[in-house]
1. With within 19 Å of the chain's Cα centre (by Cα), surrounded by 21 or more Cβ atoms within 10 Å (Cβ to Cβ) and at pLDDT 95 or above as the only criterion, which of 492, 500 stands out?
2. Sort out for me the strands (runs of 3 or more DSSP E) sitting completely within the range 369-481 that have 3 or more residues that are in the same structural domain as residue 543 (by TED's automatic domain parsing), at pLDDT 95 or above and over 23 Å from residue 525 (Cα atoms).
3. Against the conditions (1) surrounded by fewer than 19 Cβ atoms within 10 Å (Cβ to Cβ); (2) not assigned by TED's automatic domain parsing to the domain that holds residue 466, where does residue 559 fall short? Just the number, please.
4. Answer yes if at least one residue in the range 161-176 is within 15 Å of the chain's Cα centre (by Cα), over 26 Å from residue 92 (Cα atoms) and outside the structural domain of residue 496 (by TED's automatic domain parsing), and no otherwise.
5. Taking residue 323 as meeting all but one of (1) surrounded by fewer than 17 Cβ atoms within 10 Å (Cβ to Cβ); (2) in contact (Cβ under 8 Å) with a residue 24 or more places away in the chain, write down the number of the exception.
6. Looking at the range 404-423 only, could you name the residues that are farther than 17 Å from residue 505 by Cβ, surrounded by 21 or more Cβ atoms within 10 Å (Cβ to Cβ) and under 22 Å from the mean Cα position of the chain (by Cα)?
7. Select, from 360, 337, the only residue that is touching a strand residue (DSSP E or B) at 6+ places or on another chain (Cβ under 9 Å) and either surrounded by fewer than 24 Cβ atoms within 10 Å (Cβ to Cβ) or without any contact (Cβ under 8 Å) to a residue 24 or more places away in the chain (or both).
């Protein structure tokens, strides 16, 4: 299969699977004889249109988790004739139909299709650029940087996962993780009165950017000399610099000397899976920037209300109660974001496009862990073949001589113990809701199994009212008006990220070649959650929701994309959520 065909096949999987979790006007049926003969697919997904035509999408795999696999040829039946066609033709046909069906989406088909084509082209470009690297990644152990830059396909339930609206090809090559991008950081010196420079109450580092600055210019005799009394080093993503320099406030600061442009540093930085977060093994901190770029559902500007939550998480976990959690779950670590910095205008208002977040870096030069972000572990192999979880399972089976099915269930059990248990207990016993989707969970692998889990990206963290009662008095920044003290909405968001986004994808990845049935892994998951509920935690509400509700809420990326929404500025984030059947409850009914 050539690169274009691979890109189209992966794109089709993401597009269709995101759609069919949000729109249910379809059937899965036995394939017509012609399709079964030509594709070898016994089943097809069937969509009927009002004009009498029918669309058949042959399935190479029908997944309980909704992560179906599709043949590369699709069929349209019209006036009794069944004709084969390609993915982009089918996508255009569907999008024109769906803009008449989905609310608030009329007239958005051209924008949607442009973004889809951009994503397809980017995936093709990346696969060609990284072909040799990928063969190594799927053969050998990898470090944090390699794993972050190994997410080639992106969100497997999004219609255009690698869309980069705002990048030209040169930008894409330099700043995208899937292109193995690397670049030098740009530095300014700023007077304190033009900066917002906030840190958590318990964070002991007074000037974190000085530490990064000195590391970034290490080896230069002028490193310390570049620092000037009365100024604070202020880092800027080199792509974002062009946007900041167009800002009249920034232009004025440069003229008055409140801001001094030092230019690029010397050490390499690498974009991680989220693109706007960057990593350098030489630095004690990673950083996350505002970028004036549209990725998937939103313009990637950080907001003050988001970044304050990173400070909250740090101070919450410094309390005696949360320290108890850390002691009880030594296999789990939060990667904290204890500070942020931004320019402000003369009225004191933050320039959101200038925000930079300080994120701790556990993966410095001396760390030899095989630390792999879950989204890379669970993605379909970009070049075809077994995914990374399957490869770990196969290595262990070959080493021990035990059946693949047995090792698959043991691997999943270890994932539940290392990653799911701490997150569920954080919610149930400590009132802390960590938004643990696939890009926010990192698994440290040892001897082919998960040994430790890291959680990052604290800006999506919320607290139940029970949690607020535990920490509200001790953490000054934890306030009701921040918007992250949540009622039942918190369970919906928490369960979507940890279960639907992360754990269901782990199940689909493990069961991709039928070494074990998805239903059996879901049953293992249900028993795992039942055992936690039977331990009588402080708050049963989320466990009850997952174990007992026949339907649970799912984030509708297709809906958001078709409506051309900026998710970050939506008045009600749950407006794009929809109900799907809950397999965790369903396996109990079948049993």
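1. None of the others qualify; the one that does is 500.
2. Output list reads 462-464.
3. Against the list (1) surrounded by fewer than 19 Cβ atoms within 10 Å (Cβ to Cβ); (2) not assigned by TED's automatic domain parsing to the domain that holds residue 466, residue 559 comes up short only on (1).
4. Taking every residue of the range 161-176 in turn, at least one turns out to be within 15 Å of the chain's Cα centre (by Cα), over 26 Å from residue 92 (Cα atoms) and outside the structural domain of residue 496 (by TED's automatic domain parsing).
5. It fails just one condition, (2).
6. 422 - this is the single residue of the range 404-423 that is farther than 17 Å from residue 505 by Cβ, surrounded by 21 or more Cβ atoms within 10 Å (Cβ to Cβ) and under 22 Å from the mean Cα position of the chain (by Cα).
7. That would be 360, the only listed residue that is touching a strand residue (DSSP E or B) at 6+ places or on another chain (Cβ under 9 Å) and either surrounded by fewer than 24 Cβ atoms within 10 Å (Cβ to Cβ) or without any contact (Cβ under 8 Å) to a residue 24 or more places away in the chain (or both).
Conditions tested, residue by residue: (1) in contact with a helix residue (DSSP H, G or I) (Cβ under 6 Å, 6 or more places away or on another chain); (2) farther than 30 Å from residue 306 by Cβ.
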residue: 372; (1), (2): yes, no
residue: 398; (1), (2): no, yes
residue: 406; (1), (2): no, yes
residue: 414; (1), (2): no, yes
residue: 418; (1), (2): no, no
residue: 466; (1), (2): no, no
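The values are calculated or read from the model by the stated rules, or taken from the named source; none is laboratory data. Since we're looking at a predicted model, the values are computed, not measured. Virtual Cβ from ideal backbone geometry, glycine too; neighbours counted across all protein chains shown.
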